[in-house]
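Everything on this sheet refers to the single structure shown next.
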Amino acid sequence: MITAAGVLAAGGASLALAGTGNAASATHAGHAAAAVAPKASAGLADPHKKEIAMELVSSAENSSLDWKAQYKYIEDIGDGRGYTAGIIGFCSGTGDMLELVQHYTDMEPGNVLAKYLPALERVNGSDSHSGLGSAFVSAWKTAAKDSVFQQAQNDERDSVYFNPAVNQAKSDGLGTLGQFIYYDAIVMHGPGDDPVSFGGIRKTAMKKAKTPAQGGNETTYLNAFLDARKAAMKTEDAHDDTSRVDTEQRVFLKAGNLNLDPPLKWKTYGDSYQILTLP
């Protein structure tokens, strides 16, 4: 699995898978508003499109479209971020796993992971397993059966990754595909502002092309963003396979599918996937 801020892919398919002048101006404005209304009102706020986004990310991270089966996932993938776990790859070395377990403990004190909070605090910023190890891995898998822990993972995903990405995309004038492209980037690269984090990638793209909110062309801007993301990915061995950009997101963009409407067919890490209808 690739890490979430820090965030792999096998075959599968989802089938659920107050004068005349003013009046004219008002009419013109009304038409302009109508032209952009569908993009502004839909996007990943639509639960069906959000589900598609979750499945797309899972194909690249978990070799499966079944993202809900990933609550129990945990392993060290050797990327220097310690354990990677859960639905988007929370990492023991990057702080989001610590935040997740703290949130879970706030929701359900005395849970099986609560006793590992001191160890998670100590290993934050490193790849160390000190105070964690096989007992922690086992406890994580036990906790994953708890609906409260599952909700905690959903909450952390939305508050740290999904909502900020979608909100920024909307501010930039992007539709559904652009919102997903931002979300997938923030999951892998994290929400920071350094050159290889989401904020830095966005800044690099904006030097090459204007966002739609700035009067730019959406497709041109998204291509610039994907170019900047690929460059960021290639700076790190763990992310140097750029297929989730090349044979997934770029495929949708080249097809002009800015609304991310099914049927969708793509490849990540050489494996083929499809979503034929709205989930």
query: Of all residues in the range 260-279, which are open to solvent by 50 Å² or more (accessible area, probe 1.4 Å), in contact with a Leu (Cβ under 7 Å, 6 or more places away or on another chain) and either among the hydroxyl-bearing types (Ser, Thr, Tyr) or closer than 17 Å to ASP184 by Cβ (or both)?
result: TYR269, THR277
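Given the criteria of a type in the set (S, T, N, Q) and within 18 Å of the chain's Cα centre (by Cα), does ASN217 qualify?
Values: of a type in the set (S, T, N, Q): yes; within 18 Å of the chain's Cα centre (by Cα): no.
Criteria not met by ASN217.
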message: Is it the case, given these coordinates, that ALA85 is of a type outside the set (Lys, Arg), modelled with pLDDT of 95 or more and surrounded by fewer than 17 Cβ atoms within 10 Å (Cβ to Cβ)?
response: no
field: Selection from the range 131-152 of residues that are over 10 Å from ILE74 (Cβ atoms), out of contact with any Asp or Glu (no Cβ under 6 Å at 6 or more places or on another chain), open to solvent by 30 Å² or more (accessible area, probe 1.4 Å) and not in a loop (DSSP other than H, G, I, E, B)
entry: SER134, ALA135, THR142, SER147, GLN150, GLN151
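Restricting to the range 184-209, name every residue that is β-branched (Val, Ile, Thr) and within 21 Å of ALA60 (Cβ to Cβ).
Residues of the range 184-209 that are β-branched (Val, Ile, Thr), as a first pass: 186-187, 196, 201, 204.
Of everything in the range 184-209, those that are β-branched (Val, Ile, Thr) and within 21 Å of ALA60 (Cβ to Cβ) turn out to be ILE186, VAL187, VAL196, ILE201.
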message: I'd like to verify a number: residues in the range 178-193 that are open to solvent by less than 10 Å² (accessible area, probe 1.4 Å) and not aromatic (Phe, Trp, Tyr), how many?
response: 9
query: When you scan the range 102-130, how many residues do you find that are in a helix (DSSP H, G or I) and either among the polar types (S, T, N, Q) or more than 17 Å from GLY89 (Cβ to Cβ) (or both)?
result: 12
- prompt: So ARG157 fits all but one of (1) more than 16 Å from GLY192 (Cα to Cα); (2) surrounded by 15 or more Cβ atoms within 10 Å (Cβ to Cβ); (3) among the basic types (Lys, Arg); what number is the exception?
  reply: (1)
field: Neighbours by Cβ (under 7 Å, 6+ apart or cross-chain): first from the range 97-108, over 15 Å from ALA139 (Cα atoms); second crowded, with 23+ Cβ neighbours inside 10 Å
entry: GLU99/GLU156; HIS103/ALA152; HIS103/GLU156; MET107/ALA152
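Is it true that GLN179 is assigned to a helix (DSSP H, G or I), touching a Phe, Trp or Tyr at 6+ places or on another chain (Cβ under 9 Å), among the polar types (S, T, N, Q) and modelled with pLDDT of 95 or more? Lay out the reasoning, then the answer.
Numbers: assigned to a helix (DSSP H, G or I): yes; touching a Phe, Trp or Tyr at 6+ places or on another chain (Cβ under 9 Å): no; among the polar types (S, T, N, Q): yes; modelled with pLDDT of 95 or more: yes.
Considered against the rule, which asks whether it is assigned to a helix (DSSP H, G or I), touching a Phe, Trp or Tyr at 6+ places or on another chain (Cβ under 9 Å), among the polar types (S, T, N, Q) and modelled with pLDDT of 95 or more, GLN179 comes out as no.
Taking into account only those residues within the range 82-140 that are among the polar types (S, T, N, Q) and touching a strand residue (DSSP E or B) at 6+ places or on another chain (Cβ under 9 Å), which is nearest to TRP67 (Cα to Cα)? Walk me through it before giving the result.
Let us first name the residues in the range 82-140 that are among the polar types (S, T, N, Q), namely 84, 92, 94, 102, 105, 111, 124, 126, 128, 130, 134, 138.
Applying the additional criterion that residues be touching a strand residue (DSSP E or B) at 6+ places or on another chain (Cβ under 9 Å) yields 84, 92, 94.
On the way: THR84: 15, SER92: 20, THR94: 21 Å.
Only one residue fits best here, namely THR84.
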- prompt: Quick one: would you say ASP241 is within 24 Å of GLN274 (Cα to Cα) and assigned to a helix (DSSP H, G or I)?
  reply: no
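Is it true that some residue in the range 161-177 is of a type in the set (Asp, Glu), surrounded by 15 or more Cβ atoms within 10 Å (Cβ to Cβ) and under 13 Å from the mean Cα position of the chain (by Cα)?
Taking the range 161-177 and keeping what is of a type in the set (Asp, Glu), we get 172.
Next cut, surrounded by 15 or more Cβ atoms within 10 Å (Cβ to Cβ) only: 172.
Narrowing the set further to residues that are under 13 Å from the mean Cα position of the chain (by Cα) leaves none.
Within the range 161-177 (the criterion being of a type in the set (Asp, Glu), surrounded by 15 or more Cβ atoms within 10 Å (Cβ to Cβ) and under 13 Å from the mean Cα position of the chain (by Cα)), the answer is no, since none of the residues qualifies.
The values are calculated or read from the model by the stated rules, or taken from the named source; none is laboratory data. These numbers come from a predicted model, not from an experiment. Neighbour counts run over all protein chains shown; Cβ positions are idealised from the backbone, glycine included. SASA here: full protein model, heavy atoms, side chains in, ligands and nucleic acids out. Shrake-Rupley method; radii C 1.70, N 1.55, O 1.52, S 1.80 Å.
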